[in-house]
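Written out below as structure tokens is the structure these notes cover.
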Amino acid sequence: GTTPNKDIKLGTWVEYAVTDGQEKKSYKMKIAFVGREGGGKFSWLEITLAGLGRTVYLKLYMEGNPGAAGQVKRLIMQIGSMQPMEMPLIKMNDVLPVLMQKPILSPKVVGNVDLRTPAGLFPGTMHVRAVNADGQLMNFYHHKQAMMWSLVKLQDGRFEMELIGQGLGAVSRIRQTPVPFHMPK
């Protein structure tokens with residue numbers, strides 16, 4: 001595929017500025033690799049969404065490495081400092097449409113560009129153009145120095161994402177035991 005799958009180190013984090021053209025919203029999304037279980041068969045990814053009112057933390061228990069498109073087995077959500085909740089997986093698309101991408105069809109490398117983002121300079125970034133299952137044109141920008149999925153930038157008609165920071169040493173912010181899902185009062 002067009003997503004180089006390198007071994008992502010535990011504690012790796014990336015942060016993107018996201019613009020949702022449909023909802024007319026902008027926010028920051030931090031994705032951190034915060035745990036590994038079952039001898040590496042499962043991973044915990046934690047996503048922090050900031051800039052939409054209260055900070056939202058989402059913790060995903062997934063099959064395989066963070067770089068692999070493994071199935072999500074558990075979803076835990078915490079809003080601000082409230083008690084974390086175990087969410088039904090059916091809610092995944094409502095909670096995180098930006099990550100629930102449709103299958104990509106006929107990706108083509110269209111060239112290389114030098115990109116500068118708040119995360120730094122990415123010379124010779126690979127520009128990949130594709131179409132998703134809805135026929136929406138997508139542009140991806142990959143560079144090996146981007147620490148997760150090599151993704152520096154993405155545009156898919158609804159969302160635009162740009163890498164604004166990355167590093168190591170991430171730990172989970174969700175510390176309490178999650179309670180079963182209920183509608184907050």
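The values are calculated or read from the model by the stated rules, or taken from the named source; none is laboratory data. This structure is a prediction, so every number in the text was calculated from the model and none was measured. Positions of Cβ are backbone-derived with ideal geometry, glycine not excepted, and every protein chain shown enters the neighbour counts.
Return yes when M100 is exposed (fewer than 12 other Cβ atoms within 10 Å of the Cβ), part of a loop (DSSP other than H, G, I, E, B) and at pLDDT below 95 and no when it is not.
Numbers: exposed (fewer than 12 other Cβ atoms within 10 Å of the Cβ): yes; part of a loop (DSSP other than H, G, I, E, B): yes; at pLDDT below 95: yes.
It is true that M100 is exposed (fewer than 12 other Cβ atoms within 10 Å of the Cβ), part of a loop (DSSP other than H, G, I, E, B) and at pLDDT below 95.
Condition (residue is closer than 18 Å to W149 by Cβ and buried (at least 17 other Cβ atoms within 10 Å of the Cβ)) applied to region 51-59: is it met by at least one residue? Spell out the reasoning first.
The initial filter retains those residues of region 51-59 that are closer than 18 Å to W149 by Cβ, namely 58.
The next check asks that each one be buried (at least 17 other Cβ atoms within 10 Å of the Cβ); those that pass are 58.
Within region 51-59 (the criterion being closer than 18 Å to W149 by Cβ and buried (at least 17 other Cβ atoms within 10 Å of the Cβ)), the answer is yes, since at least one residue qualifies.
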- Just one of M148, M138, M126 is surrounded by 15 or more Cβ atoms within 10 Å (Cβ to Cβ), modelled with pLDDT under 95 and in a strand (DSSP E or B); which is it? M138
- Note on the structure: Going through (1) modelled with pLDDT under 95; (2) surrounded by 13 or more Cβ atoms within 10 Å (Cβ to Cβ); (3) closer than 16 Å to A146 by Cβ one by one, D7 fails only at (2)
- Message: Taking the criterion of being in contact (Cβ under 8 Å) with a residue 60 or more places away in the chain and among the small types (G, A, S), would at least one residue in region 125-142 satisfy it?
- Response: yes
- Item | Filter result (modelled with pLDDT of 95 or more, more than 17 Å from K144 (Cβ to Cβ) and either touching a Pro at 6+ places or on another chain (Cβ under 9 Å) or of a type outside the set (A, V, I, L, M) (or both)) within region 104-121 | K108, P118
- Message: Suppose we keep only residues that are under 16 Å from the mean Cα position of the chain (by Cα), under 17 Å from K30 (Cα atoms) and assigned to a loop (DSSP other than H, G, I, E, B) within region 52-66. Which one would you say is modelled with the highest pLDDT?
- Response: T55
- Item | Scope region 157-173; condition at pLDDT 90 or above and of a type in the set (D, E, K, R); matching residues | E160, E162, R173
- In this structure, does L105 turn out to be in a strand (DSSP E or B) and under 19 Å from K28 (Cβ atoms)? no
- Query: Checking Q176 against (1) outside any strand (DSSP E or B); (2) modelled with pLDDT of 85 or more; (3) touching a Leu at 6+ places or on another chain (Cβ under 9 Å), which test does it fail?
  - Reply: (3)
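Considering every residue within region 67-90, establish whether at least one is part of a loop (DSSP other than H, G, I, E, B), at pLDDT below 90 and farther than 18 Å from L151 by Cβ. Give the derivation first.
The first filter runs over region 67-90 and keeps only residues part of a loop (DSSP other than H, G, I, E, B), leaving 67-71, 80-84, 88.
Applying the additional criterion that residues be at pLDDT below 90 yields 67-71, 88.
The next check asks that each one be farther than 18 Å from L151 by Cβ; those that pass are 71, 88.
For region 67-90, residues part of a loop (DSSP other than H, G, I, E, B), at pLDDT below 90 and farther than 18 Å from L151 by Cβ: present.
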